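No value in this document is a laboratory result; all are computed from the given coordinates. Note that this is a predicted model, so its numbers are computed, not measured. A quick note on method: Cβ atoms are made from the backbone with ideal geometry, for glycine too, and the neighbour counts reach across all protein chains shown.
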Ligand code: CA
Ligand code: CA
């Protein structure tokens with residue numbers, strides 16, 4: 001198995017990133033994932049305005065996947081997210097959904113014991129997730145800083161991007177140029193205070209090219225749903241983009257007129273919030289597997 005060291009990072013998903021590793025389609029790759037502060041915060045006295053802000057949100061990679069071409073999908077199976085023994089979370093006045101109410105900057109160093117984070121004596125079961133994950137964007141989207149999610153993926157901060165689930169990314173550049181970082185030990189929907197449990201991790205993924213399938217936004221396959229992940233300036237804008245894709249897929253999959261598919265989506269598709277604190281916010285349109293399988297939906301992408 002090939003490994004990408006945590007020293008090889010990018011701070012933007014750029015159309016012309018230089019790969020640090022080349023693999024065949026179907027290979028498993030081990031990524032050393034740094035935390036979003038590049039491990040600069042180790043003590044509660046390490047105030048966030050004292051750290052090097054040029055080193056925030058590093059993404060490990062990128063990896064060139066042979067045979068991936070624009071117009072394909074990159075299938076990323078998440079095989080393991082092994083987090084380290086300590087994470088960090090912080091409140092920064094001016095950030096988060098309650099930005100005006102937060103008066104004091106705090107940093108909390110939170111140990112992990114037996115699969116649980118221990119915060120102020122409260123034991124929190126871990127659910128490790130990947131915050132930043134994506135591929136090189138199209139030329140028209142230009143470089144996307146790693147703090148910003150968009151059509152290439154990036155800082156989607158989606159708490160269902162976990163072990164056992166699969167993410168499909170639209171390939172926009174030869175080799176796809178895949179990178180990841182910013183794991184969280186756990187995080188609620190929304191990431192409301194601006195951080196999750198920020199934590200370094202060893203991440204193992206299988207990277208597989210799916211030929212000739214075009215998508216606009218990343219697609220997440222969970223045990224019980226297919227989720228279109230879209231990001232935009234507002235929740236409403238992002239949700240429109242996600243739901244448009246979901247309704248079009250249902251129309252194609254069930255051979256329905258668009259309005260019937262719209263109605264069917266209203267009865268069955270969940271709107272979910274990923275995060276509301278990054279430069280663009282992220283939502284998902286979640287189509288249940290009991291209605292239609294991910295495989296059947298992917299057939300409609302041409
Ligand atoms: Ca993040
Ligand atoms: Ca984070």
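A straight line joining the Cα centroids of the range 260-302 and the range 229-244 runs 11 Å. Residue separation of residue 216 and residue 67 scaled by 0.36 nm, minus their Cα-Cα distance, works out to 51.7 nm of gained length.
Averaging Cα coordinates gives a centre for the range 1-68 and one for the range 136-211; these two points are 11 Å apart.
The calculated FRET efficiency for residue 237 paired with residue 113, based on their beta-carbon distance and R0 = 51 Å, is about 0.80.
Using only DSSP helix segments of four residues or longer, with each worth -39500 (n - 2.57), what per-residue ellipticity at 222 nm results for the chain after dividing by its residue count and rounding to 500?
Mean residue ellipticity at 222 nm (helix-derived): -4000 deg cm²/dmol.
Using the Cβ-Cβ distance between residue 46 and residue 271 with R0 set to 41 Å, the FRET efficiency works out to roughly 0.65. Under a 10 Å cutoff between Cα atoms, tell me which one of 198, 113, 140 has the largest fluctuation in the Gaussian network model of the chain. Answer for the Gaussian network model of the chain: 140. Comparing mean-square fluctuations of 48, 267, 207 from a GNM of the chain with C-alpha springs under 10 Å, the top value falls on 267. Each Cα pair under 8 Å and six or more residues apart adds its separation to the average, and for the chain the resulting relative contact order is 23 percent. In terms of surrounding Cβ atoms within a 10 Å radius of their Cβ, 110, 192, 122, 219 rank from fewest to most as 122, 192, 110, 219.
With 10 angstrom as the radius, rank 300, 7, 104 by how many other C-beta atoms surround their C-beta, starting from the fewest.
Exposure proxy ranking, most exposed first: 104, 7, 300.
What residues from the range 57-94 fall in the zone where the backbone N is under 19 Å from a label point 7 Å along the Cα-to-C-beta line of residue 16? Within reach of a label on residue 16: 62-64, 70. Distance between the pseudo-spin-label points of residue 202 and residue 54 (7 Å out from Cα toward the beta carbon): 3.2 nm.
For the chain, the longest principal axis of the Cα atoms and the long axis of helix 235-254 meet at an angle of about 30 degrees. Subtracting the Cα-Cα distance of residue 99 and residue 86 from 0.36 nm times their residue separation leaves 2.1 nm of extension gain.
Against the chain, whose longest principal axis comes from its Cα atoms, helix 258-268 is set at around 40 degrees.
Counting other beta carbons within 10 Å of each Cβ, put 139, 49, 248 in order, fewest first. Mind showing how you got there, number by number?
On the way: 139 11, 49 7, 248 17.
Ordered from fewest to most neighbouring Cβ atoms within 10 Å, 139, 49, 248 come out as 49, 139, 248.
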